[in-house]
Amino acid sequence: MGKPMIKVQRLCFLGSLVGIYLFSWIIQSHHLIGWDISWGLHETKRLLAGGQYASDFFEPSPPMFLYLYAPTFLIAKTLSISLFSAFRLTIFILTSLSLLLCYPLLRSIAPLFTLILAITLLVLPGTLDFGQREHLLVILSMPYFLLVAARLENRHVNVYMAAIIGFLAGLGFAIKPFFLITFGLIELYYLFYNKSLLAWMRVETLVILGVFIFYIAIICIFHRNYITIMLPVFMDLYYQGCGEKWSALIFEPAIIYCFIVMCCCAMLKSDTYKALNALFIIALIGFLISYFVQRTTWNYHLLPAYSMAFLLLSLFFFTFLLPVINKRSDIIFFAMFSFLIFSFPVCYSFVLYSSCFSYEKKITGLIEFMKIHAENKPVYFFSTALLYEFPAVDYANAIPASKYAAFTELYCILKKIHRAHDNKDIFYLMRKKTIFEEKIADEIITKKPILILVDMQKNKSHLEGIPFDFLPDFLQSKKFQAAWKDYRYLSMLENKVFYKIAVYERIKR
């Protein structure tokens, strides 16, 4: 191949890569940021100010994702840009580092597959999932998967590069305990393949284990509340209360897609990218197990498995289709087959981005109301869903007063009461409910929010049809009555079936 042709290919590669980055930045910056991201940044801000789990924020995940969000504040201050722009820039920097490490590990398919990786990391996640914990996992662990594949092919890898890859992977797998399932499966496969119990003693693996040990020590020293308060609460309530039916988990379209891709790629074996294909299948299995363990169909929980399925499909594409194209009929077949195998990811991404646009239109009225009545003032939401308060408070420049992003503990208790049959269990859960309501009253008395917004919908999020109204229930408590006497009805905000919120304002200053 001549030098001019190589130069043209490089320019096409760089142009395509820049195009993917620009497309992602434009589409992300023109939509509202996700509610989980918004709340996560508030948690990070409180943590950096000396806040603690339980007392300043109520969060089921360990603190690694908060550490990964922390550079956002430094970037925002240094560049004098908005916090959300700084957050997106943080994700783009991490993605660029990941792609830089992946490129030399991809052999002959490096340019094309790097573009596929860029699409996976920057375009595949919907706007509301961009920067989520699972998105960070995929970004940080991707070089590790490619490195293990290179090891299986007996390729030499620079020691320092392996150490950096191990460090990033350690951060990614430490975000949630469930993510360790994939790491464990990969390492077990590597031991089995090499038929040696000492095969795990590699630079990257030792660095990953070092990150885990150091991270556990940090949690034990600086985040004892997470161990002593948060873990018992969420082990007792959270995953039982949030868990969805198995039929809903299995028949989620993205999960069906994952199973189809995995089966096809497992049956159509090829020696061309054997190691990489095996690693992606094992990673997909690990991420599917993680998804089923968490028992929720939230889009970001699907993202790691869905991303691996997309990469497997792309690898299949490179393995079986590109080598046989040599005439016009092959090109036509190639184009038709490409459309078929990639149509689901395109349609699925369209649905995700459309839902972001729809959400933005629905929440605009609430944002405008808070801008008028609560700019730079504390507000409090009574809701079992995160999406009403966040990121609306940020775009309205209001201040979230509560340590609770949503009343997760409450709806978990209510669901367990609804399912309970033993009187002792019901009494125990009712006592927990009373304690939670008293905590809400204490926060209102202490924080003195200027507005309290109460979800008035008949069927509230996560309650699965269980009837519940906040104020009639809470006002049975004398402590809550004392807190509520300073508030009066102001207005009712409605947006068809999306929300119905009663607004109460503080009358004592």
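The values are calculated or read from the model by the stated rules, or taken from the named source; none is laboratory data. Bear in mind that the values here come from a model prediction, so they are computed numbers and not experimental data. Counting neighbours? That spans all protein chains shown, and the Cβs are built from the backbone with ideal geometry, glycine included. When the accessible area is computed, the model is the full protein with side chains, heavy atoms only, and any ligands, DNA or RNA have been set aside. Shrake-Rupley method; radii C 1.70, N 1.55, O 1.52, S 1.80 Å.
Worth a mention:
- Mean Cβ neighbour count within 10 Å, used as a protection proxy, ranking 190-196, 431-437 highest first: 431-437, 190-196
- Computed over segment 98-149, relative contact order equals 50 percent, with contacts defined as Cα pairs under 8 Å that lie 6+ residues apart.
- Percent RCO, i.e. relative contact order, over the chain, from Cα pairs under 8 Å lying at least 6 residues apart: 15
- Crossing angle, helix 110-122 versus the chain [Cα axis fit, 0-90 degrees, rounded to tens]: 10
- Residue-by-residue Karplus 3J(HN,Hα) for segment 18-32, coefficients 6.51, -1.76, 1.60, Hz, glycine and proline x: 4, x, 5, 4, 5, 4, 5, 5, 5, 5, 6, 6, 9, 10, 5
- Exposure check, 1.4 Å probe, all protein chains in place: Asp394 carries approximately 40 Å² of accessible surface.
- Where labels lie 7 Å past Cα in the beta-carbon direction, separation of Thr434 and Met235 in nm: 2.6
- Extension gain, Ile93 back to Ala199 (0.36 nm per residue minus Cα-Cα distance, nm): 34.9 nm
- Beta bridges by DSSP in segment 352-509, antiparallel share as percent, to the nearest 5: 70
- Solvent exposure, largest accessible area first (probe 1.4 Å, DNA, RNA and ligands not counted), of Asp422, Asp36: Asp422, Asp36
- Segment 437-479 residues near the modelled Glu375 label - backbone nitrogen below 17 Å, point 7 Å along Cα→Cβ: 450-451
- Between segment 379-397 and segment 56-113, the alpha-carbon centres lie 25 Å apart.
- Ranked packing of 72-79, 156-163, most packed first, by mean Cβ within 10 Å: 72-79, 156-163
- Sorting Asp236, Asp425 on solvent-accessible area from highest to lowest, probe radius 1.4 Å, gives Asp425, Asp236.
- Segment 201-309, relative contact order in percent, only Cα pairs under 8 angstrom and at least six apart counted: 32
- FRET E, pair Arg10, Lys424, Förster distance 60 Å, beta-carbon r, rounded to 0.05: 0.25
- Annotation: extensible slack from Asn158 through Lys362 equals 68.3 nm (criterion: 0.36 nm per residue apart, minus Cα-Cα distance).
- Recomputing Rg and Dmax of the Cα atoms in Å from the coordinates shown identifies the correct label among [x] 24.7, 88; [y] 24.8, 83; [z] 36.3, 118 as [y].
- Taking every protein chain into account, the 1.4 Å probe leaves Met430 with about 80 Å² of accessible area, to the nearest ten.
- Partner lysines whose Cα lies under 23 Å from the Cα of Lys274, excluding those fewer than 8 positions away in the same chain, are identified as Lys195.
- Nearest-10 value in Å² for the accessible area of Trp298, using the 1.4 Å probe: 60
- C-alpha long axis of helix 203-222 to longest principal axis of the chain, angle in °: 10
- Over the chain, DSSP H runs of length four or greater, each weighted -39,500 (n - 2.57), average out per residue to a 222 nm ellipticity of -21000 deg cm²/dmol.
- With respect to the chain, whose longest principal axis is taken over its alpha-carbon atoms, helix 133-152 is tilted by about 20°.
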